[in-house]
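Colleague: Below is a structure I'd like to ask you about.
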Amino acid sequence: MLIFTNARVFDGTAMLQGLKTVSLDGNRIHSISDATPSGDALDLGGMTLMPGLITCHYHTDFYKFTLTDGLNGEPLGKELPPGVLMAIGVRNCGVLLESGFTGFVGAASGHDIDASLKIAIAEGIIPGPRIRACSAHIGTTGDVNDSRKWWRRFDSPGTDVFVDGPQNMRAMTREFIRRGAETIKIFTSSGHGGLPWPVPGSMDADEIEAVVRAAHMRGAMVRAHSATRDMIRLCVELGVDIIDHGDEIDEEIIGMMAERGTFWTPSLVYPTCMINLGWADADLPGQVENVKRMLPIAQKAGVRILTGDDYSGVFRDVLDDDPLDHKVGDYGREFGFYGQVPGLSPGEILSWGTRNAGQALMGGLDKLGVVEEGALADLIVVDGDPLSDLSLLARPQQALKAVVRDGKLVIDRVDRAAASRPTRAPSALNA
């Protein structure tokens, strides 16, 4: 049994009062109490014990490419051999753990890489986070991701597949689930960070409905790249589980999402970079500002907002410090980024990457992303109070002291001598 004592505890929603003892039994949280343990315990000396972070828009194999490749006839997922892209996924799993992220919800990968990584981690072949595996993007013929160089079709797909009509959508959905996908990703519109398209959508209602019905019948979720108002609304009405981006979201749609329990991943860092670099189309700045206005409204309405963005290193050639590179600490920058949005509290933002994210990853089948009795024990220890300083989560090299994955310490940097010194009074810790 692993026991933490003298822990300040963020439970996925709020910081608990006083210092706590948290005990684990196997891969579950057994108890949270004020009691002093009688056996061996890891004294945290007032450091924060909290759920492991979970990123919910993760492309495992995105690394060292430019988004213009697809428009120039080089589809995503074909820039390197599948084995090399799998190696990138292995690398990125390590970056996640070193950043304090114990899980991810996939947002599309080619070559069944999400599902393959999940098997490799479960078999003990590699260490890694808890994974909700995603399919490749499912789009329609000639949509924004389909190369204009029509004469250069590849024999096998990369990150995108293109099918048309409800029957083919249904068959593709079932095939991806057979191959290990737990989430099906569909591309229903252009928009979001420089994907111009002259029409509001690229997928018909009967096609979306076929995917949703086929996925839900087999216990899978559906997420949609959906940026235009018409397509966001249609996706929510038809039962899509996660809306990605939602650039033209409005209060009416927010009400529908709250009623239906729809998740929302705004992913604002990427379009913000596009705007700052002068690469965005004319509508994007207004759409980003719209999302910032809608976030506090959605939070108040009870929409389950998630963190996660298009990490890829796409800006590394033009920015000295690319915030979307797969580097240790970069994923945690999102919390500070959203902390600058008026009307949102640090605890609310942190819940997007813990409690809400745990619900998205587990799909309601288990409890994750919270410090509660019976919950899965994916936890981290942070030296400091992230509610007072969200930027701590972007500095794991200094602040991250331990990572527990499925009840086992996989990173342990706790200074036993320092932790055993007398702790400050709980009142001071929680002031």
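Colleague: For the range 12-64, what are the residues that are out of contact with any strand residue (DSSP E or B) (no Cβ under 9 Å at 6 or more places or on another chain) and within 16 Å of G103 (Cα to Cα)?
Modeller: If the condition is that a residue be out of contact with any strand residue (DSSP E or B) (no Cβ under 9 Å at 6 or more places or on another chain) and within 16 Å of G103 (Cα to Cα), then D61 is the only one that fits.
Colleague: Applying the selection to the range 334-358, what residues are under 22 Å from F263 (Cβ atoms) and out of contact with any Leu (no Cβ under 8 Å at 6 or more places or on another chain)?
Modeller: Across the range 334-358, the qualifying residues are E334, S345, E348, S351, R355.
Colleague: Suppose we filter S147, S99, S109 for residues that are surrounded by 23 or more Cβ atoms within 10 Å (Cβ to Cβ) and farther than 25 Å from R213 by Cα; which single one remains?
Modeller: S99
Colleague: Scan the range 203-213 residue by residue and report those that are in contact with a Pro (Cβ under 9 Å, 6 or more places away or on another chain) and small (G, A, S).
Modeller: Matches in the range 203-213: A210 only.
Colleague: Still on this structure, I have one more. If you check S109, S147, which single one turns out to be at pLDDT 95 or above and small (G, A, S)?
Modeller: Every option except S109 fails the conditions.
Colleague: Given the conditions (1) charged (D, E, K, R); (2) within 24 Å of the chain's Cα centre (by Cα); (3) buried (at least 18 other Cβ atoms within 10 Å of the Cβ), report the number of the one that R179 does not fulfil.
Modeller: For R179, the failing item is (3).
Colleague: Right, next: With K64, K20, K78 as the choices, which residue is at pLDDT below 90, basic (K, R) and surrounded by 15 or more Cβ atoms within 10 Å (Cβ to Cβ)?
Modeller: When all the criteria are applied, what remains is K78.
Colleague: Which of the helices (runs of 4 or more DSSP H) found entirely inside the range 28-147 contain at least 1 residues meeting this: under 16 Å from the mean Cα position of the chain (by Cα) and of a type outside the set (G, A, S)?
Modeller: Correct list: 82-98, 113-122.
The values are calculated or read from the model by the stated rules, or taken from the named source; none is laboratory data. Note that the structure is a prediction, hence the values are computed from the model and not measured. We place every Cβ from the backbone using ideal geometry, glycine too, and count neighbours over all the protein chains shown.
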